[in-house]
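Readers should treat all values here as calculations from the given coordinates under stated rules, not as data from a laboratory. Remember, predicted model here, so these are calculated numbers, not experimental data. All Cβ positions, glycine included, derive from the backbone under ideal geometry; neighbour counts span all protein chains shown.
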Amino acid sequence: MHTTRSQQAFQIINFIILGLLSIMCILPLIHILAVSFSSSAAATGGAVKLWPIGFNWSSYEYVISSNRFLNSLGITFQRVLLGGLVNMILIVITAYPLSKESERFRPRTFYAWFFLLTILFSGGLIPIFMIIRETGIMGSIWALVLPGAVPVFSIILMLNFFRGLPRDLEEAAFIDGAGHLNTLFRVYVPLSLPALATISLLTIVGHWNAWFDGLVFMNSPDRYPLQSYLQTIIIQQDFTQMTEQDIKKMQLISDRTIKSAQIFLGSLPILLLYPFLQKYFVTGITLGSVKE
Amino acid sequence: MKNRVKSAFLLVILASLMLSACSKNNDASPSESSSGTSSVSPSESGSSSVAPSDGKFDPPITLTTVGTVAPTVKYASGDSVDNNPWTREYEKRYGIKLKTLWTVDDSQWETKTNLMIGTGDIPDFFKASPAQFKQLVDADLLADLTSAFESAPDRAAKILTEGGNAALDSAKFNGKLMAIPFTGAPKEGSQMVWIRTDWLQKLSLPEPKTMDDLLKIIDAFTTQDPDGNSKNDTFGLAVDKDFTTLKGFFNGYHAYYDIWIKDAEGKLQYSNIQPEMKTALQKLQELFKKKQIDPEFGTKDFSKVAESIVSSKIGVMFNSPYAGLYPLQSNVDQDPKAEWKAFPIVSADSQPAKNQTALGVLGYWVVKKEVEHPEALFSMLDLWVEMFYENKDDALNKQFINDGNTEIWQMNKIAAYRAFKNADQRIKVTHALETKDTSELTGDDKGVYDKISAFQAGDRKLWGWNAIFGAEGSMGVTDQYRKNNAYVSDEFIAAPLPAMTERGADIGKFMNERFTKIIYGASSIDEFDKFVSDWKQRGGDAITSEVNDWFANR
């Protein structure tokens, strides 16, 4: 195809801007990686930029041998598996009836508003905290899984995708004697794999990155998921009010190389997962948006 | 259509139900707190127990609390936050059992306790921040500790007043003691000037006696290439964007940063708007112009400044005596030639300089109103003082303070710090190092003694301990301050007042900007007078009158 001059110019500018953007995204990660492999003194002195100075593995050895990192990693895996599973089941079984028209599913409008309302309004932290406490799941893994068990945004994505599927398939299934459950799991779900992949990526990343609920709903730091734990080690010390105890603590945990190693290890699994699910990402979302 | 109306109607009902449920819950929560927690806090079960003369509750009482977990603490196998050497001793000695409802990392303490107070569910006792303490008093949720304090064991009572009465006074409302202050060591933490002594020797400069001496040192460290790399890449004075490293400098000009001082008429005045501050800022402006301060200081917080120090770019820093451990130790690790020493702050005129000190209370141990035996806290505090400060028995020391493996002392449930613990410790340790007689040392002292001995045997990883507790250590300077009583105390010792809370953050930011501009030379020093009038206008006057009302009525 023939491209005009201006189109070429556009392409070049595009490459430059997008290239710069992606460099900006990747540089911090490289910096963290470089610091994590550097000697402690060089890192504390701020000398390390993008290449390790005094290359060594010691901070990784330390992280692997310390209980807290592995422990919280375990809790995060538990959370991602359990939370992801609960999320996916609920998304599918909620999106299916909502994808039907009001004539076939009478209270549809009511339920649609019921779910939409939760996007617009939230009880706020304290009521949620009280509910968690009164239901007795405070401190257990369920406190991290159940409050976000029904992600409405993902339900809307799923519902739109279901609507995009030809209705003839559903009718054919009914004629062959399938009920709603059979139709859903034997027809709709197998046809919706791109959407499911996209949504599970969203869910997994969401669970992986969540840190605040871990801090609030867990009763002891031993039970923190990974991101909550990382948050506690990288938080900025308030230097205007340091006491002797703080300084002694600083000396123990100020080791940047160890922090960097933990941050890098903490983002590694999700980095590895991304390329595999990412290819569904664009198709998954746009497919769902096309309506009949 | 009909359907839609119906569902809209349903929705409204549902929403109103939800809202009313919420508000009811919120209203009821504080008063419900006692019934709400009774299931988890069986303190009432101890209501029939009496404290006999030996101070042991029989049957034992149970107190609920919440706590932080230090990352360095490891429990022995089978032990836990409620079953460890300290809690076992509390029970054995005083008949006090403890139940910790939750623990949280130190950094999240404020968030989590705020949430807890917000839901109206406070434990029998815990450590509150000044603002939380005031809220709890206003909500009438706290027990009056006045009589418990009067009958408290001597040791426990003494530690609270060792640094003066201010800490205890700050915990009083209408003459009633509503909390046990978690006393810190504000006077001990007073700033001093740390100087690279290897650079000093290299340039053959004398130790500073006056501000002029110090300014010469700062100048020489900037211009005379103290690190010998033939590049003009060093700065004289460490300055960070929050001015935490300038307090000692200001104090040298009899200016004080961000405290309330008494004027000639006995009224309280804000220190930052006094004329002395103008002089000090003018001097800083000069230093900046001569490139003796990092031109990027306005964007660097202390940890960034620490980086420059660690990489041997700065030779003079005002800081607390503890700075030997951080960041200076890292510099010594990095640079084999580096040596630092702490000197007393120096005065710009014939008047000796005085150090500013804040109240320095790290929190308030508050007790819930319904608790039957608030005096139990003083018993527990007594155990803390005995074990942490007075015990000299090595076996007990291994049991309660440090077994070489983990800092067991952090497992205590209530603590308060002595005002000059480290200064006293240095005297004892240096004496023991001279005589080689360790019989007078407590467990904590012994730890320091061992570290300095190891340093003297050549372990530079422990340099910082010698820089603080050694014969020439920074605590010696602290000791000098103490002997001369060279302090100017912050006279305002209460939780933030309403106008402060409302305007404080805004006004503080604006002040920081103006000061930074003046130092940068972006505005002339005469801008300071404009700053003073702006400060007053933007709420400074309101805060001043509020503070003076408080001062008159306390």
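A compact table of results
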{"item": "If the convex hull is drawn through the Cα atoms of the protein assembly as shown, its volume per residue in Å³", "result": "238"}
{"item": "Order of A:Met158, A:Met24, A:Met218, A:Met138 under a 10 Å beta carbon neighbour criterion, fewest first", "result": "A:Met24, A:Met138, A:Met218, A:Met158"}
{"item": "Cβ-derived FRET efficiency at R0 25 Å, B:Gln351 paired with B:Ser204, nearest 0.05", "result": "0.25"}
{"item": "Length gained when the stretch A:Ile119-A:Leu90 is fully extended (0.36 nm per residue, less Cα-Cα span)", "result": "8.8 nm"}
{"item": "Ratio of the Cα radius of gyration of chain A to 2.2 N^0.38 Å, where N counts its residues", "result": "1.28"}
{"item": "Least to most buried among B:Glu502, B:Glu407 (fewest other Cβ within 10 Å first)", "result": "B:Glu502, B:Glu407"}
{"item": "Three-way shape label, chain B, alpha-carbon gyration tensor, a/c 1.5", "result": "oblate"}
{"item": "Ratio Rg/Rh, restricted to the range A:99-237 and using Cα atoms, in which Rh is the Kirkwood radius", "result": "1.08"}
{"item": "Nearest 10 degrees, 0 to 90: helix B:275-289 Cα axis against chain B principal axis", "result": "60"}
{"item": "Where only alpha carbons of the range A:5-44 are counted, the Rg and the Dmax (Å)", "result": "16.8, 53"}
{"item": "Antiparallel DSSP beta bridges within the protein assembly as shown, as percent of all bridges there, nearest 5", "result": "60"}
{"item": "Exposure proxy order (Cβ contacts within 10 Å, fewest to most) of A:Asp222, B:Asp124, B:Asp459", "result": "B:Asp459, A:Asp222, B:Asp124"}
{"item": "Anisotropy class of the range A:1-134 from Cα gyration tensor, a/c 1.5 cut", "result": "oblate"}
{"item": "Cα-based helix-to-principal-axis angle, B:109-118 vs chain B, degrees rounded to 10", "result": "30"}
{"item": "Structure-based [θ]222 nm, chain A - -39500 (n - 2.57) summed over DSSP H runs of at least 4, per residue, nearest 500", "result": "-22500 deg cm²/dmol"}
{"item": "At least 30 Å along the helix axis (C-alpha) and Kyte average at least 1.0, DSSP helices within chain A", "result": "A:5-36, A:67-98"}
{"item": "Check: the range A:66-289 dipole with +1 on Lys, Arg Cβ and -1 on Asp, Glu Cβ, in debye", "result": "120"}
{"item": "Cα centroid separation - the range B:349-428 against the range B:232-295, whole Å", "result": "33"}
{"item": "Qualifying aspartates and glutamates (Cα of each under 14 Å from Cα of B:Lys267; at least 8 residues distant if same chain)", "result": "B:Asp490, B:Glu491, B:Asp541, B:Glu546, B:Asp549"}
{"item": "Rough spin-label spacing in nm, given labels placed 7 Å along Cα→Cβ, for A:Lys49 and B:Ala522", "result": "2.6"}
{"item": "Aspartates and glutamates whose Cα lies under 15 Å from that of B:Lys304, excluding same-chain neighbours fewer than 8 positions away", "result": "A:Asp238, A:Asp255, B:Asp240, B:Asp242, B:Asp294, B:Glu296"}
{"item": "Near-label residues of the range B:333-364 by backbone N, under 20 Å of a point 7 Å along Cα→Cβ of B:Ala457", "result": "none"}
{"item": "Residues in the range B:492-516 reached by a label modelled at B:Trp550 [backbone nitrogen below 14 Å; 7 Å Cα→Cβ]", "result": "B:492-505"}
{"item": "Net dipole in debye of the protein assembly as shown [+1 Lys, Arg Cβ; -1 Asp, Glu Cβ; about Cα centre; nearest 20]", "result": "2420"}
{"item": "Relative contact order [Cα under 8 Å, 6+ residues apart], chain B, whole percent", "result": "19"}
{"item": "Linear extension gain, A:Leu81 paired with A:Ile234, 0.36 nm per residue minus alpha-carbon span", "result": "52.5 nm"}
{"item": "Distance in nm between pseudo-label sites at A:Tyr111 and A:Val152 (7 Å out along the Cβ direction from Cα)", "result": "1.5"}
{"item": "Prolate/oblate/rounded call for the range A:70-157, Cα gyration tensor, a/c under 1.5 rounded", "result": "oblate"}
{"item": "With Cα atoms, 0 to 90° folded angle of helix B:85-94 axis to chain B main axis", "result": "60"}
{"item": "The range A:66-289: relative contact order in percent, alpha carbon pairs under 8 Å with at least 6 residues between", "result": "33"}
